[in-house]
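Participant: This structure is in structure tokens; I'll ask about it shortly.
The values are calculated or read from the model by the stated rules, or taken from the named source; none is laboratory data. These numbers were taken from a predicted model, which means no experiment stands behind them. Neighbour counts are summed over all protein chains in view; Cβ atoms, including those assigned to glycine, are modelled from backbone coordinates with ideal geometry.
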Amino acid sequence: MISAEPQPRDGVELLAFAGARLGKRVFELHDATLGIGTGESAKILAERISLNIGPGQRYAVVGANGAGKTSLLRLLSGAIKPLAGHLQTGTTVKLAFLSQHLDELNPKWRVLEAVEEVAQRVDLGKGRELSASQLCERLGFGTDSQWTPVGDLSGGERRRLQLTRLLMSGPNVLFLDEPTNDFDVETLASLEDLLDGFAGTIMVVSHDRYFVERVCDITLALIGDGSIQDLPRGIDQYLELRQAINNFAGEGGAKEKGDSRSDRKELSKIEKRIEKIDNQIVKLQEEALKCGEDYKRAIEIEKELSKIAAEKSDAEEAWILLAEKINPS
């Protein structure tokens, strides 16, 4: 079905328009090192990265949990700095970053007010201009639900509102970190349609294969060997690489470098920590559903969830690094 999907956009026209909006440079990484932390305690995720992210290109970033996909987006956005090498960002870049952390908004605002607070109208390119209300409707907020207080929204609805506000800012570069989480089929279809005409650069981290192959043209993979690879055959090639690594590990290949009892014990501790964090997240989400009009507690829970999500990301990154040490590729 995917192979039979018609070409959803005029790539040449969009590239030309994106070039006019962005110029020749978007992001360039030169011999950079991606990692978390600083000094001797820094965890290296990838080294000697040289990337040229071009105007109008659409990138899927794939890799195992903790491999550094989100960290790569954060590096390019300037939220973290390379441990070595340097990043150059185009002077006309206007970035919108849909992260996995929800916005902290006034719970008494109505949905439409929260969107109009960003802008009244937005130009999506190729002469497509939408009002705040029209964009809300495109992303699943009908006329009535546009007057729902932000504090009454579910987690999925808040995620949609976050995306709507980002698109309303009129970016020419979009970073989408797991954008399909909590979205229903209709909202996904509308998002895909909107992105089809987006005349700018897109980078997507997602486990939704159909969405990735529908929206993106270039696949970048972090497979845990310290490099970032451009995979011409996309997801199929990535899955083949991961299978080869798993087969090699299963055969007990090359374990001499890190297969120690202490490493495996530490790996087990990290796995238990991740499981504990997952349980905390579930409990907080359940509590959030019971908050009702206790907006103060709802905001506190959101902050706790953001903090715990960051802890989970760090733990997952530590897990992948240790797992690769035990079973190096």
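Participant: Whether any residue in the stretch 130-151 is closer than 24 Å to VAL212 by Cβ, out of contact with any helix residue (DSSP H, G or I) (no Cβ under 8 Å at 6 or more places or on another chain) and surrounded by fewer than 22 Cβ atoms within 10 Å (Cβ to Cβ) is what I want to check.
Facilitator: no
Participant: Give me a count of the residues in the stretch 230-246 that are under 12 Å from VAL62 (Cα atoms) and modelled with pLDDT of 90 or more.
Facilitator: 3
Participant: In the stretch 69-84, how many residues are within 20 Å of THR201 (Cβ to Cβ) and either in contact with a helix residue (DSSP H, G or I) (Cβ under 8 Å, 6 or more places away or on another chain) or of a type in the set (Ser, Thr, Tyr) (or both)?
Facilitator: Number satisfying all stated conditions: 5.
Participant: Taking only pairs six or more apart or across chains, which ones have beta-carbon atoms under 8 Å, a first residue in the stretch 153-180 that is in the same structural domain as GLU104 (by TED's automatic domain parsing) and closer than 26 Å to ASN65 by Cβ, and a second residue that is of a type in the set (Lys, Arg) and surrounded by fewer than 22 Cβ atoms within 10 Å (Cβ to Cβ)?
Facilitator: That search, which allows pairs on different chains as well, returns VAL173/LYS94.
Participant: Please pick out the residue among SER145, SER169, SER154, SER131 that is within 22 Å of the chain's Cα centre (by Cα), farther than 27 Å from TYR59 by Cα and of a type in the set (Gly, Ala, Ser).
Facilitator: SER154
Participant: Only strands (runs of 3 or more DSSP E) wholly contained in the stretch 44-157 count here; list those with 1 or more residues that are of a type in the set (Asp, Glu).
Facilitator: Filter on the stretch 44-157 gives 121-123, 129-131.
Participant: Consider ASP263 carefully, then state whether it is among the charged types (D, E, K, R) and either crowded, with 21+ Cβ neighbours inside 10 Å or at pLDDT 90 or above (or both).
Facilitator: Considered against the rule, which asks whether it is among the charged types (D, E, K, R) and either crowded, with 21+ Cβ neighbours inside 10 Å or at pLDDT 90 or above (or both), ASP263 comes out as no.
Participant: Continuing with the same structure: Looking at SER77, SER71, can you tell me which residue is within 13 Å of the chain's Cα centre (by Cα), surrounded by 14 or more Cβ atoms within 10 Å (Cβ to Cβ) and more than 21 Å from GLY234 (Cα to Cα)?
Facilitator: SER77
Participant: Say whether the condition of being modelled with pLDDT of 90 or more, surrounded by fewer than 21 Cβ atoms within 10 Å (Cβ to Cβ) and touching a Gly at 6+ places or on another chain (Cβ under 8 Å) is met by at least one residue in the stretch 191-212.
Facilitator: No, the stretch 191-212 contains no residue that is modelled with pLDDT of 90 or more, surrounded by fewer than 21 Cβ atoms within 10 Å (Cβ to Cβ) and touching a Gly at 6+ places or on another chain (Cβ under 8 Å).
Participant: Mind listing whichever residues of the stretch 176-192 are among the charged types (D, E, K, R) and outside any loop (DSSP other than H, G, I, E, B)?
Facilitator: Once the filter is applied, which keeps residues that are among the charged types (D, E, K, R) and outside any loop (DSSP other than H, G, I, E, B), the stretch 176-192 yields ASP177, GLU186, GLU192.
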